[in-house]
Amino acid sequence: MFLTACNSNEMEVKYTLCKDKVSGRGLPGEDERYLTYEANGNTLKVKMYNHLTNCGTEEITVDFTHDEENQINVKLTEIGLSANCVCPADVSFTLSNLGKGETYDCIIESNSAGDTIYHQILCFTFIMKNGESGKITF
């Protein structure tokens, strides 16, 4: 079995935490929580909008594994103390060293600050070819 792992330092991870505290708006509706992706060369750029995080989150790290069956598992880890509230955050990251022309299944999971259990947020399939892109509501 072939397994490749990458961590946040290699993935160009960026995030904006607790956007509602800044804007004063309510939590996003289901149609406002979405992910976009775009393939270029052997790299997939992923952007998640209004992902719900624990209000105690101070940092988000991203790790992914990729196996020989072209399944990618992405884990978003919230770092911080647990609070009794949630708020929207934007998270973006890059998945690299993917095979051109290959079809991948991508599973994204997240935990909550102070929790060690990961829950699946969404799963999507994409083809690694230049210009391949999509938008998925979650």
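The values are calculated or read from the model by the stated rules, or taken from the named source; none is laboratory data. These figures come from a predicted structure and were not determined experimentally. All Cβ positions, even for glycine, are placed from backbone atoms using ideal geometry, and neighbour counts span all protein chains on display. Please note that ligands, DNA and RNA were not included when accessible areas were found on the heavy atoms of the full protein model with its side chains. Shrake-Rupley method; radii C 1.70, N 1.55, O 1.52, S 1.80 Å.
For this structure, a couple of remarks:
- Scanning region 51-82 for residues that are closer than 14 Å to CYS18 by Cα, under 11 Å from the mean Cα position of the chain (by Cα) and of a type outside the set (A, V, I, L, M) returns a single hit, HIS51.
- If you go through region 92-115 and keep only what is among the polar types (S, T, N, Q) and surrounded by 13 or more Cβ atoms within 10 Å (Cβ to Cβ), you end up with SER92, THR94, SER96, SER110, ASN111, SER112.
- Here region 89-115 is the region considered, the condition is being among the aliphatic types (A, V, I, L, M) and more than 13 Å from VAL74 (Cβ to Cβ), and the residue that is modelled with the lowest pLDDT is ALA113.
- For region 97-138, the set of residues classified as in contact (Cβ under 8 Å) with a residue 40 or more places away in the chain, polar (S, T, N, Q) and over 12 Å from ALA39 (Cβ atoms) consists of ASN97, SER110, SER112, THR137, listed by residue number.
- Of all residues in region 1-30, those being out of contact with any strand residue (DSSP E or B) (no Cβ under 6 Å at 6 or more places or on another chain) and either open to solvent by 60 Å² or more (accessible area, probe 1.4 Å) or modelled with pLDDT of 90 or more (or both) number 11.
- Whenever a residue of region 55-81 is among the basic types (Lys, Arg), its partners that are surrounded by fewer than 22 Cβ atoms within 10 Å (Cβ to Cβ) and not in a loop (DSSP other than H, G, I, E, B), lying with C-beta atoms within less than 7 angstrom and at least six residues away or across chains, give the pairs LYS75/ASP63; LYS75/GLU109.
- Applying the condition of being among the small types (Gly, Ala, Ser) and more than 17 Å from the chain's Cα centre (by Cα) to region 97-138 and asking which residue is farthest from VAL86 (Cα to Cα) yields GLY101.
- Candidate set: region 116-138, residues that are open to solvent by less than 60 Å² (accessible area, probe 1.4 Å) and not β-branched (Val, Ile, Thr); chosen: the one modelled with the lowest pLDDT: PHE138
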